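Novice: Below is a structure I'd like to ask you about.
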Amino acid sequence: MMPVVEKADGESHIFRKVYYNHLKDFLFADLFEGYRHGHYLWQCGICDDYFFMTTAHKQLYCSTVNPKYGVPCSYVAKHPEVIDRKPKQQKKTDSPHYLLWQRRYDLIRKNKSLGRYDDAVSAKAKEYIDSCFELAQVDFEYAFTQYEKDMDMTNVYRKAMEMLNV
Ligand SMILES: [Zn+2]
């Protein structure tokens with residue numbers, strides 16, 4: 001290990017150049033470097049991967065998106081129902097939020113054919129319910145608390161109008 005002074009844009013910087021004979025040595029050094037900065041290794045209780053705990057708070061689960069559930073492990077931990085409910089590959093029609101989306105989509109099409117709303121507004125309304133549905137798929141908090149409220153037709157058309165004005 002030796003300090004190296006290098007010039008970058010006229011400024012002097014002190015770098016450390018470190019040589020390792022084995023990858024393992026580097027990994028150990030990196031690990032202790034983490035310890036030195038107050039981070040420590042922790043095994044995620046959901047995916048069993050190790051991660052560096054970097055906050056003062058007890059962070060029991062990693063915040064990496066868990067490929068199995070499509071949301072971070074820390075989220076899965078807060079919502080244990082996710083593990084039971086979410087199938088491996090969820091189809092749109094399998095979603096518990098699909099029925100409401102379908103009903104809203106039918107209404108949008110009906111209102112359009114009755115001439116209550118023009119094509120532009122209807123298209124934006126569809127775009128909006130699609131985005132709500134997508135969000136409900138990945139954000140369980142949103143799905144449980146906000147999804148239905150957002151999917152209220154008055155709100156849907158209000159949002160559609162707002163989107164057109166922008
Ligand atoms: Zn994890």
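The values are calculated or read from the model by the stated rules, or taken from the named source; none is laboratory data. From a predicted model like this one, the values you see are computed outputs, not experimental measurements. Don't worry about glycine lacking a Cβ; one is built from the backbone with ideal geometry, like all the others, and counts go over all protein chains shown.
Novice: Looking at (1) at pLDDT 80 or above; (2) of a type in the set (Lys, Arg); (3) in contact with a Phe, Trp or Tyr (Cβ under 9 Å, 6 or more places away or on another chain), can you tell me which one residue 86 breaks?
Specialist: It fails just one condition, (1).
Novice: Do we have residue 18 as at pLDDT 75 or above, farther than 30 Å from residue 66 by Cα and of a type in the set (A, V, I, L, M) here?
Specialist: yes
Residue-by-condition table, conditions (1) modelled with pLDDT of 95 or more; (2) surrounded by 13 or more Cβ atoms within 10 Å (Cβ to Cβ):
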| site | (1), (2) |
| --- | --- |
| 65 | no, yes |
| 80 | no, no |
| 92 | no, no |
| 145 | no, no |
| 151 | yes, yes |
| 160 | yes, yes |
| 163 | no, yes |
| 166 | no, no |
